[in-house]
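The values are calculated or read from the model by the stated rules, or taken from the named source; none is laboratory data. Predicted model, so just to flag it, every value in this text is computed and none were measured. Cβ atoms come from the backbone with ideal geometry, glycine included; neighbour counts cover every protein chain shown. Heavy atoms of the whole protein, side chains included, go into the accessibility calculation; ligands, DNA and RNA do not. Shrake-Rupley method; radii C 1.70, N 1.55, O 1.52, S 1.80 Å.
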Amino acid sequence: MKLKFFAIALAALALIACEKQPEPIVPEQADYVGTLTVEASTGTVVNAEARVDFLPYQDGAAELTLYEVKFAPGMPMRLDVVVPGIDLTSTPEKVILSCDEAIPIALGVEFPKYKVTELQGEIVGDKLTFSLKFGGIPTTYVGEKYVEPATEPAK
């Protein structure tokens, strides 16, 4: 009798162990629109409607491209900046972004003076958030996935 009970308990445990676990999110390329805030020494710059492209690689890393960013109040032009080599960790609830350091690229040139450090962020649903430092300058972003507006058919 004890053996039969033990066998049933073991079978029940095996069923519980074989229960399908939720799959981690598969990171996908997406564009986001939101607010990029740069805490420059000369003042805070708020880049409203800032566009950021998230591009995952097949090796578990990714890059972020920040479009038309202004890094200081007196900066005469805006730059597109690529932050490569971001590590990704996927869970069933979110994609976690992290990077200890990376050399940003703008105008096709690396800018080691503005090395990216302390990058931390996440994608949860349609929302991308991250913080980092560009050469020690704190920068944060909060954005929503960009969805192309529907166009009405011509009449």
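Mind scanning 94/133; 113/133; 94/127; 115/145; 20/94 and naming the pairs with a C-alpha gap bigger than 20 Å? Result: 94/133; 115/145 exceed 20 Å.
Over the range 26-141, Cα pairs under 8 Å with separation of 6+ residues give a relative contact order of 20 percent.
Estimated from the Cβ-Cβ distance and a Förster radius of 35 angstrom, the FRET efficiency linking residue 29 and residue 118 is about 0.90. Multiplying the residue separation of residue 137 and residue 46 by 0.36 nm and removing their Cα-Cα distance gives an extension gain of 31.4 nm. Give, as a single signed number, the net charge of other residues whose beta carbon lies under 11 Å from the beta carbon of residue 122, with Lys and Arg counted +1 and Asp and Glu -1. Summing Lys/Arg as +1 and Asp/Glu as -1 gives +1.
Using the Cβ-Cβ distance between residue 58 and residue 89 with R0 set to 22 Å, the FRET efficiency works out to roughly 0.90. Enter the Cα centre distance for the pair the range 50-93 and the range 123-152, rounded to the nearest angstrom. So the separation of the two Cα centres works out to 9 Å. Computed from Cα atoms, the angle from the helix 2-17 axis to the main principal axis of the chain rounds to 20 degrees.
The calculated FRET efficiency for the pair residue 20 and residue 147, based on their C-beta separation and a Förster distance of 22 Å, comes to about 0.10. Placing unit charges on the Cβ atoms of the charged side chains and taking the dipole of the range 29-135 about its Cα centre, the candidate lying farthest along the positive direction among 75, 33, 98 is 75.
Leaving out ligands and nucleic acids, and using a 1.4 Å probe, what accessible area per residue does the chain come to in Å²? Accessible surface, normalised per residue, equals 66 Å². For the chain, a crude dipole built from +1 on the beta carbon of Lys and Arg and -1 on the beta carbon of Asp and Glu, taken about the Cα centre, is about 460 debye to the nearest 20.
Please report the net charge: other residues with Cβ closer than 14 Å to the Cβ of residue 51, K and R +1, D and E -1. Result for the neighbourhood of residue 51: -4.
Helix content alone sets the calculated 222 nm mean residue ellipticity of the chain: runs of n ≥ 4 DSSP H residues at -39500 (n - 2.57) each, divided across all residues, give -3500 deg cm²/dmol.
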